[in-house]
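Peer 1: My questions will all concern the structure given below.
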Amino acid sequence: MDVATPFIEVANAIVEAGGKDLNLCYQCATCTGSCPWGYVEPLNIRQLIHLAQLGLEGYESEDLWKCTTCGTCKTRCPRGVGIIDLVRSIRMMIGETGLIPLTLRSALGSVRGDGNPWNGSRVERNRWAGPLQVPIFDKARTEYLLYGCCMASYDVRSRKIVEAAVRVLRAAGVTFGVMGQGEECCAESVRKIGEESLFERVAGSNIELFKAQGVEKIIVLSPHCYDAFKNDYPALGGKFQVVHIVEKIASLLLLDKLRLERPVKAKVTYHDPCYLGRHNNLFDPPRMILSKIPGLEFEEMYRARELSLCCGGGGGRMWMETKFGQRFSDLRIPEALAVGANVLATSCPYCVNMLQDSRLNLNKEEAIEVKDLTELVAESLV
Amino acid sequence: MASKIGVYVCHCGMNIAGTVDVPAVIEAAKAMPRVALSKEYKFACSDPGQEMIKQDIKAHGLDAIVVAACSPLMHEKTFRRAVEAAGLNPFLLSIANIREQGSWVTEDPAKATEKAKAIVAGAVFRAARQEPLEMRSVEIHRAALVVGGGIAGIQAALDLADSGIPTTLVERQPSIGGYMAMFDKTFPTLDCSACILTPKMTAVGQHENIKLMAYSEVESVSGFVGNFQVRIRRKAAYVDHTKCNGCGMCMEKCPYKAPSEFDQGLSQRRAIYVPFAQAVPNKPVIDPATCVRFKGKKCKTCIKFCEPGAIDFEQKDSVEEVTVGSIVVATGFQPMDAKKIPQLAYGRHPEVYTALEFERLNNAAGPTQGKILTKDGRVPQSVAILNCTGSRDTNYHEYCSRVCCMYALKYAHLIKEKLHEATVFDFYIDMRCFGKGYEEFYRRLQDEGVRFIRGKAAQVFGGKEYKAIANAAGFIDGLEDHQLVVQAEDSLLGKLIRVPVDMVVLTPAVEARADADEVGRKFLVSRGADGFFLEQHPKLAPVSTTNDGVYIAGACQGPKDIPDSVAQGSAAAGKALGLIARREVEVEGTTASVVDELCSGCKCCLTLCAYNAISFDADRHRSSINEVLCKGCGTCVASCPSSAIKAKHFTDEQIFAEIEGLMSM
């Protein structure tokens, strides 16, 4: 057995870096027992926290980078410990020593240089808007800024989601525009990686740009952008009315501004994205929307709503390689199939991407499709 | 107006002097108008401290006193007595609260000192304008009311009645007994719960000094300490209990059923029922939600079989009024709804039980005659007990429910006793076994082979669900569809563990009753942040409340086990009895009165008075206040549009003077 001597200065430094709840943890182990890594290769977050409480070596282990910030432990923690903030602050400390995994360094470099994590060129940003004739945001003519996420600009699959969103919003008479090339990544995941200064710089630049253009209302397609704009930007002076496309569609349906009349023949189940559900409590609107699509049959999976299983793409994991056998999304496809679904719907471009990959890797193309909720809504437009 | 004011600033050890510069306050006070002397003292409330004040009053002819110390709730009475002993009217004292409102809440010593000076100045300015008032005494009605017929209320009622006090015991349910009547055994002695409770229930039913009003609720309370008027609504039972001989034929023959509340829905009772066999009173009631006659149908079964002709569908709720000197509120708790924690699968999987369900399942008089069986009749080979279901959890209840560790051990024992082969797992965070004989019981259960797993159960899966979601790595050999999988980290091993079991028992938090707010308002008892009724002092007045003459006992004040509930029942009875034994009680002189010539007769004040102290003279078209009933709360004073009501000791002049004093520093 090892002998250890507590190094309280390290513990205090973690608290200073934003992990203010570190000392509240009473080691009940709810976090480890709730963590989705438990399904593949358990991550002992409880022990990580205790090591950090005593400033002992081990808190900075590779495990630290496994956390997808899905929020399952955080929402269940009986002591109300902001476990994600804790992970963030430990990562921040590690980041200062330069010990960040290689793939993350590349993504961060891309955000730093090109305003997106995908090593995409700046000129590609929002280029999708051209063919769709979506105008540049102009506060005199467009009510909303449509923020498509880096995904819409640099990922082919995600472009279909933004196309669907454009169709749906137009059908309901919503006026919107895009920001063009000046906008940058929302930097939500950058913050979760612990790169606080880069986050502040990128977010600050977005806030300045949005303010200069007179943006008041923003529609987002990604729950990650949603979380950043809604929960992180206000502290930096960016206070905008942010709605996720799912919220917007739900309210358009309630106001009878959108009619879904074309039947969609499918048996659908819904995967709650972490950042829409657990992080922002939007559990009901997606289900309400699905209930309004004619012809559609809906079945819940066991891990629904608060119990939802993370796709594995949050907290910077989107840019890291996850070994076969450790991908949460690989568990989600059979779970959806088990309830008899032939469409697995969700409302997050990260989730769509991860689940789509698993669908292909598991050779289930024939059995099930992965769709964004917005796409199903667009299909139901007459 | 007073012209020789004595100011005394208390150090309260370091409580005040640790933050406030007391000598500086003394100096400032000396310069305040009409201050004749200003002194400091380490503990002003001590005997020598009081003696100093008394002697100063006599020696210097002081005509008003300011004590700058703790809250008036703590020591106003102490200093009033001291002032009175020196021949001064006690209402010529003013307390400057520089502890709770000063040193304890102001970190910066300089600011705390400035604040203390201002508070003292306010008290000095006010003291100069205070007037002598008289205390009044009121006769105490020699009778008591106990609300709630659980073990705490039963104990309180018996203690009062045994002392010769006519006592009314009100219980909402058709029978007294509360939760204790549902339990099988009690920890750690393993006494049969019913066997020790039913003699007390019977004693209540037969006691010549107890008027038992079951199936009744307190509707309203008026009056004040010593003289409470309580209106009690007796719900229509649709059975004339004076005629009913309790033969039970009606219940045997009634064709309509509903889930038994007493058995937690695990069995059925009839539309006409007594909750359980040993009920007191042992007379049935008809539940109008289940009886088809209330839905316009013509069933006459119970009428036909009732020999004494006690069934009475014409019966209506009746309201009785009783006058009592003191009240014991013992309204108990409720278990938290375990469905609020979705990951524990309660309500989604039939083999996940709440503690109360398990109590009934294990009870010889319960739905399975005490056999521990799954819903489909199998004998469980393994059971998991999950501690801290919603307790010690900021998402639900931050406090510890205090009983769950112990009854979890009790369940483990009962399971091992009945099913020798069964494996019992207890998932815990910390075992809290603090009572007499509790730690010994824990050791005994370890000896009996219970498997203790240190780690809060994070998730419960149904066997079928689990198979659908687990990948190859999570495969559990031999797991059957009807089983459950409990997942937790064993924090002592640092390993994630999954335990397949046949049955899961949850330990839902003890929480304040859903209607605690309404009940609290009826009895003017306030509630703490945790929702439970608030005692007057957490250490020194645990069963008293801020409403004189109203006491609290049992789990309505906070989670409690049976011994603590019984102790509090007796304590509350003792306090109630002590009050009644005084025969009369002194009432504050700080009442309100109407200035006749200013009253316009608008009646605004009438409806606002919570104590029914204001009456209206229609002939003279004026309101008047009964000073015996008035508690001096000031509501009418503030509401009177003509400023015709004055509050003694809180006159406009006094309050403005206090403000002037506060602003002068």
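The values are calculated or read from the model by the stated rules, or taken from the named source; none is laboratory data. Here the structure is a predicted model, which means the values were calculated and not measured. Methodologically, a virtual Cβ is constructed for each residue, glycine included, from the backbone with ideal geometry; neighbour enumeration extends over all protein chains shown. When the accessible area is computed, the model is the full protein with side chains, heavy atoms only, and any ligands, DNA or RNA have been set aside. Shrake-Rupley method; radii C 1.70, N 1.55, O 1.52, S 1.80 Å.
Peer 1: Treat every Asp and Glu Cβ in the protein assembly as shown as -1 and every Lys and Arg Cβ as +1, leave all other atoms uncharged, and give the resulting dipole magnitude about the Cα centre to the nearest 20 debye.
Peer 2: Using only the charged Cβ atoms, the result is roughly 1880 debye.
Peer 1: Leaving ligands and nucleic acids out of the surface, order B:14, B:32 by accessible area at 1.4 Å, largest first.
Peer 2: The residues order as B:14, B:32, largest area first.
Peer 1: Can you give the local net charge around residue B:97? Use residues other than it whose beta-carbon is closer than 14 angstrom to its beta-carbon, Lys and Arg +1, Asp and Glu -1.
Peer 2: Once all neighbours under 14 Å are counted, the net charge is +1.
Peer 1: At a probe radius of 1.4 Å, figure out the B/A buried accessible area, summed over both chains, and give it in Å² to the nearest 100.
Peer 2: That pair of chains buries around 2300 Å² in total.
Peer 1: Now for a separate question. Find how many whole Å separate the alpha carbon centroid of region A:85-132 from the alpha carbon centroid of region A:296-357.
Peer 2: 23
Peer 1: Report in % the part of the accessible area of the protein assembly as shown that belongs to carbon and sulfur, leaving out ligands and nucleic acids; probe 1.4 Å.
Peer 2: Percent of accessible area from carbon and sulfur atoms in the protein assembly as shown: 51.
Peer 1: How shielded is B:457-463 by partner chains, expressed as the average number of their Cβ atoms within 10 Å of its Cβ atoms?
Peer 2: For peptide B:457-463, the averaged partner shielding equals 4.
Peer 1: Mind checking which lysines have their C-alpha under 16 Å from residue B:117, skipping anything on the same chain fewer than 8 residues away?
Peer 2: Output for residue B:117: B:30, B:39.
Peer 1: Counting Lys and Arg as +1 and Asp and Glu as -1, each charge on the Cβ, what is the dipole of chain B about the Cα centre in debye, to the nearest 20?
Peer 2: Values: 77 positive and 78 negative charges, 243 e Å.
Rounded to the nearest 20 debye, it is 1160 debye.
Peer 1: Just read off the accessible area of residue B:104 with the full protein assembly in place, 1.4 Å probe, to the nearest 10 Å².
Peer 2: Surface accessible to solvent at residue B:104 totals approximately 130 Å².
Peer 1: Oh, and also: Determine the calculated [θ] at 222 nm for chain A from helices alone, applying -39500 (n - 2.57) to every DSSP H run no shorter than 4 residues and normalising by the residue count; nearest 500 deg cm²/dmol.
Peer 2: Result for chain A: -12000 deg cm²/dmol, rounded to the nearest 500.
Peer 1: Peptide B:253-266: average number of partner chain Cβ atoms within 10 Å per residue?
Peer 2: Average neighbour count from other chains, rounded to a whole number: 0.
Peer 1: Another one. Can you tally the net charge around residue B:85? Count Lys and Arg as +1, Asp and Glu as -1, for every other residue whose Cβ sits under 13 Å from the Cβ of residue B:85.
Peer 2: Within the 13 Å Cβ shell, the charges total +1.
Peer 1: Once phi is turned into ³J(HN,Hα) by the Karplus curve 6.51 cos²θ - 1.76 cosθ + 1.60 with θ = phi - 60°, what whole-Hz value does each residue of region B:355-362 show in order, with x for glycine and proline?
Peer 2: Karplus-based 3J(HN,Hα) across region B:355-362 equals 4, 5, 4, 5, 4, 6, 4, 8 Hz.
Peer 1: Quick one: check the C-alpha center-to-center distance for region B:57-132 versus region B:520-562, whole angstrom.
Peer 2: 29
Peer 1: Can you tell me the 0 to 90 degree angle between the C-alpha axis of helix B:72-85 and the longest principal axis of chain B, rounded to 10?
Peer 2: Once rounded, one gets 40 degrees.
Peer 1: I'd like the Karplus ³J(HN,Hα) series for region A:40-46: coefficients 6.51, -1.76, 1.60, θ = phi - 60°, whole numbers in Hz, and an x wherever there's a Gly or Pro.
Peer 2: These are the phi-based 3J(HN,Hα) values: 10, 8, x, 10, 8, 5, 4 Hz.
Peer 1: So which residues in region B:379-406 end up with at least 30 square angstrom less accessible surface once the other protein chains are there, compared with the chain by itself, probe 1.4 angstrom?
Peer 2: Relative to the lone chain, where solvent access is computed with a 1.4 Å probe, region B:379-406 loses at least 30 Å² at B:392, B:394, B:395.
Peer 1: Sticking with this structure for a sec: On average, how much accessible surface per residue is there in the protein assembly as shown, in Å², for a 1.4 Å probe, leaving out ligands, DNA and RNA?
Peer 2: Ligands and nucleic acids excluded, the figure is 42 Å² per residue.
Peer 1: Run the reach check for residue B:77 against aspartates and glutamates, Cα to Cα strictly under 13 Å, same-chain hits fewer than 8 apart removed. What comes back?
Peer 2: B:586, B:588
Peer 1: Given the whole protein assembly as supplied and a 1.4 Å probe, what does the accessible area of residue B:163 come to in Å², nearest 10?
Peer 2: Result for residue B:163: roughly 60 Å² accessible.
Peer 1: Once each part is reduced to its C-alpha centroid, what is the distance from region A:151-205 to region B:397-433 in angstrom?
Peer 2: 52
Peer 1: Looking at chain A, which Cys residues are left with no other cysteine's beta carbon under 4.7 Å from theirs?
Peer 2: Singleton cysteines: A:25, A:28, A:35, A:67, A:77, A:149, A:150, A:185.
Peer 1: Follow-up. Whose amide H sits under 5 Å from the amide H of residue A:144, counting only residues 5 or more places off or on another chain, with H placed in the peptide plane?
Peer 2: The answer is A:175, A:176, A:177.
Peer 1: To the nearest 10 Å², what's residue B:39's accessible area with a 1.4 Å probe?
Peer 2: Accessible surface of residue B:39 is approximately 70 Å².
Peer 1: Would you kindly give the portion of the calculated P(r) for region B:5-133 that falls above 23 Å, as a percent of all Cα pairs? It would help to have the intermediate numbers written out before the result.
Peer 2: Working: 1715 of 8256 pairs.
The calculated P(r) of region B:5-133 puts 21 percent of pairs beyond 23 Å.
Peer 1: Quantify how strongly other chains surround peptide A:335-346 by giving the mean number of their Cβ atoms within 10 Å of each of its Cβ atoms.
Peer 2: Other-chain Cβ atoms within 10 Å of each residue's Cβ, averaged: 1.
Peer 1: Which whole-Hz ³J(HN,Hα) couplings does region B:653-662 yield from phi under the Karplus relation 6.51 cos²θ - 1.76 cosθ + 1.60, θ = phi - 60°, glycine and proline marked x?
Peer 2: Whole-Hz 3J(HN,Hα) from phi for region B:653-662: 4, 5, 5, 5, 4, 4, 5, 4, x, 4.
Peer 1: First select every other residue whose beta carbon is under 10 angstrom from the beta carbon of residue A:216; then total the charges, Lys and Arg +1, Asp and Glu -1.
Peer 2: +3
Peer 1: Something else now. Taking H placed 1.01 Å from N in the peptide plane, check which residues at least 5 places from residue B:268 or on another chain put their amide H under 5 Å from its amide H.
Peer 2: Amide H neighbours of residue B:268, under 5 Å, 5+ apart: B:260.
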